[in-house]
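Please treat every number below as a calculation from the coordinates, not as lab data. Note that the structure is predicted; figures quoted are calculated from it, not measured. Every residue, glycine among them, receives a Cβ derived from its backbone with ideal geometry; neighbour counts consider all protein chains shown.
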Amino acid sequence: MRSFGLALAATLALAALPAAAFDAGQKDEIGAIVRDYLLQHPEVLLDAQRELQRRQEAKLEEQRKGALRDYVAKIDASKLHAVLGDPKGDVTLVEFFDYNCGYCRRAIRDIDALLAADPKLRIVLMELPVIRQESLGAAQVSVAVSRTAPEKFRAFHEKLLSGQSLATKKTALAAAKEVGLDPAKIEAAMNGAEVRATLLESKELADELGVEATPTFVIGDAVVPNTTSVVDDLQGRIAALRTCGKSVC
């Protein structure tokens with residue numbers, strides 16, 4: 001107990017007083033006491049690490065709650081992102097996706113099912129090219145298509161996501177051509193300020209909401225990672241939003 005008391009007293013003394021309050025000998029003595037105690041009780045470091053992780057997670061959760069309060073308003077204000085379904089739908093579902101994400105490619109069937117079953121649903125697509133370096137080029141083309149030819153975007157989006165090859169700038173431009181767009185015009189638009197702003201806002205919002213993987217869905221007050229029952233899960237949350245204003249009543 002004495003060693004613990006000395007270590008605690010030393011730690012408190014170091015924390016409470018400026019470094020100049022101790023001479024070199026005192027600093028060495030205090031450091032030796034703390035070092036000896038930690039060597040004898042290394043579990044203290046583990047406890048401290050756990051406490052630090054708990055505080056970081058609590059901070060992230062608080063940040064996420066704050067971001068969840070206004071993310072739809074932020075998206076609506078920017079008007080930058082592609083929308084599927086009813087642009088004025090009464091429920092907004094946000095999907096963060098990457099064209100090189102295998103789960104995103106499978107999720108396109110779930111998105112189609114949700115839209116077919118719910119004509120009042122609005123889905124906002126947020127580009128998050130994090131899987132591979134090549135994803136960025138595909139994302140830039142995608143945003144350029146959504147900005148310059150929104151009426152062609154869904155066909156382009158589904159064609160690129162349904163492909164089996166690596167999604168790149170080249171394959172994305174080829175998909176744009178297949179749906180009737182001029183690749184040269186899309187390529188000219190893909191490096192524009194609006195494209196950069198769209199991708200930047202997606203990344204910033206993902207960071208605020210704690211989104212790290214694709215696909216991730218955001219609806220109401222919930223951040224929902226991809227699951228094996230996407231349709232059932234999201235349909236339940238959509239119904240809850242209409243009933244009580246929360247993703248789970």
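Just to be sure I understand the model, the point goes 7 Å from the Cα along the line to the Cβ. What's the resulting Asp36 to Lys159 distance in nm?
Output for this residue pair reads 7.6 nm.
Would you calculate a helix-derived [θ] at 222 nm for the chain, using -39,500 (n - 2.57) for each DSSP H run of n ≥ 4 and dividing by the full residue count, to the nearest 500?
Estimated from H runs of four or more residues: -21500 deg cm²/dmol.
Which of the peptides 164-172, 128-136 is most tightly packed, and how do the rest follow, going by the mean number of other Cβ atoms within 10 Å of each residue?
128-136, 164-172
What distance in nm separates the simple spin-label points at Lys152 and Asp70, each placed 7 Å from Cα in the Cβ direction?
According to this spin-label approximation, the distance is 3.7 nm.
If you average 1/r over all unlike Cα pairs in segment 55-167 and invert the result, what Kirkwood radius do you get in angstrom?
After inverting the mean inverse Cα-Cα distance, the result is 15.2 Å.
To make sure I understand, if each residue's beta carbon is the centre and we count other beta carbons within 10 Å, what order do Phe97, Phe153, Phe217 fall in, fewest to most?
With the sparsest Cβ surroundings first, the list reads Phe153, Phe217, Phe97.
What length, rounded to one decimal in nm, is gained on full extension from Ser78 through to Cys249, with 0.36 nm per residue of separation minus their alpha-carbon distance?
Residue separation times 0.36 nm, minus the Cα-Cα distance, leaves 58.6 nm.
When the chain is treated as a GNM, springs tying every alpha-carbon pair under 10 Å, which of Glu43, Glu127, Glu201 comes out with the largest mean-square fluctuation?
Residue with maximal mean-square fluctuation among Glu43, Glu127, Glu201: Glu43.
How high is the FRET efficiency between Arg242 and Arg55 when r is their beta carbon distance and R₀ equals 45 Å, given to the nearest 0.05?
Given R0 = 45 Å and the Cβ-Cβ separation, E is 0.80.
Lys27 versus Ala222, label points 7 Å from Cα toward the beta carbon: distance in nm?
Rounded to a tenth, the inter-label distance reads 5.5 nm.
Treating the beta-carbon of each Lys and Arg as +1 and of each Asp and Glu as -1, no other charges, what is the dipole magnitude of the chain about its Cα centre, to the nearest 20 debye?
Dipole of the chain, to the nearest 20 debye: 600 debye.
Based on the Cα coordinates of the chain, what is the per residue volume of their convex hull in Å³? Working shown, then result.
On the way: hull volume 50.6 nm³, N = 249.
Looking at the chain, the number lands at 203 Å³ per residue.
Could you pull out the pairs from Lys65/Lys246; Lys159/Lys185; Lys88/Lys159; Lys59/Lys203; Lys79/Lys152; Lys74/Lys169 whose alpha carbons sit more than 23 Å apart here?
Table pairs above 23 Å Cα-Cα are Lys88/Lys159; Lys74/Lys169.
Round to a whole angstrom and tell me the spacing of the C-alpha centers of segment 103-146 and segment 170-226.
Computed from Cα coordinates, the inter-centre distance equals 7 Å.
List every DSSP H helix in the chain whose Cα atoms extend 20 Å or more along the helix's own long axis and whose mean Kyte-Doolittle hydropathy is at least 0.0.
Details: long enough: 2-16 (21 Å, 1.49); 24-40 (24 Å, -0.21); 43-78 (50 Å, -1.05); 102-117 (24 Å, 0.26); 134-148 (22 Å, 0.45); 193-209 (24 Å, -0.15); 230-244 (21 Å, 0.40).
Membrane-span-like by this rule: 2-16, 102-117, 134-148, 230-244.
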